[in-house]
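Just so it is clear, none of the values below were taken in a lab; they were calculated from the coordinates. Predicted, not measured: the structure shown is a model, and the values here were computed from it.
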Amino acid sequence: MTTTLRVEPMTGVEPDFHAALMEEGLPTDDLAEAGRTFFRITDGPETVGYGGFELHGEHALLRSMVIDPERRGRGLGGIAVDLLLGKARAAGACEAYLLTLSAASFFERLGFARIDRAVAPATILATRQAASLCPASAVLLHRELSA
């Protein structure tokens, strides 16, 4: 598949981003808080999704990842995750974490592994995502970020 997928920085308060997350049942309460880095995912001139991360020292919390439902199944999600993790790595992250209720198998195919919350770094567990926005039933996944 030929794609010109790119990630473009954004503030996180854009109405279309908020609407896309709401449509997927993803948290939106903390999008404008400091420490979050969000991106519009584009393929040529078209927006195909969104995603971002929070950086906590050498640990990144991947979050707010969504691909337009009409474009799923084409490999765009995997490419987008790789681009986002590249941005996190460039910002200093050595490891990535994420919480999900419904997409664990997708992220496992991308090299993430399920972990118990008890072994996660305190900085990740203290995020609003882990502490209050995502229910305790959310799966926590981890992946090393290679150079």
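Helix 76-90 versus the longest principal axis of the chain: what is the Cα-based angle in degrees, 0 to 90, to the nearest 10?
In the chain, helix 76-90 runs at an angle near 60 degrees to the longest axis.
For the chain, divide the Cα radius of gyration by the Kirkwood radius and give the resulting Rg/Rh value with two decimals.
0.93
Per residue of the chain, what 222 nm ellipticity follows from adding -39500 (n - 2.57) for every DSSP H run with n ≥ 4, rounded to the nearest 500?
-6500 deg cm²/dmol
Along region 123-136, what does the Karplus equation 6.51 cos²θ - 1.76 cosθ + 1.60 (θ = phi - 60°) give for ³J(HN,Hα), rounded to whole Hz, x for Gly and Pro?
For region 123-136, the Karplus-derived couplings read 5, 6, 5, 7, 5, 4, 4, 6, 7, 8, 6, 9, x, 4 Hz, x marking Gly and Pro.
Which percentage, to the nearest 5, of the DSSP beta bridges contained in region 1-98 is antiparallel?
Details: 21 of 24 bridges.
So the antiparallel bridges in region 1-98 amount to around 90 percent.
May I have the extent of the alpha carbons of region 70-147 along their three principal axes, as whole Å values ordered from largest to smallest?
Projected onto its principal axes, the Cα set of region 70-147 covers 34, 29, 19 Å.
Please list, in order along region 42-56, the HN-Hα scalar couplings obtained from phi with the Karplus expression 6.51 cos²θ - 1.76 cosθ + 1.60 (θ = phi - 60°), rounded to whole Hz, x for Gly and Pro.
10, 10, x, x, 9, 6, 10, x, 8, x, x, 7, 10, 9, 10
Please state the shape class of region 1-77: rounded when a/c is under 1.5, otherwise prolate if a/b exceeds b/c and oblate if not, all from the C-alpha gyration tensor.
The shape class here is prolate.
When only C-alpha pairs under 8 Å and at least 6 residues apart count, what is the relative contact order of the chain, in percent?
Averaging sequence separation for qualifying contacts and normalising by length gives 21 percent for the chain.
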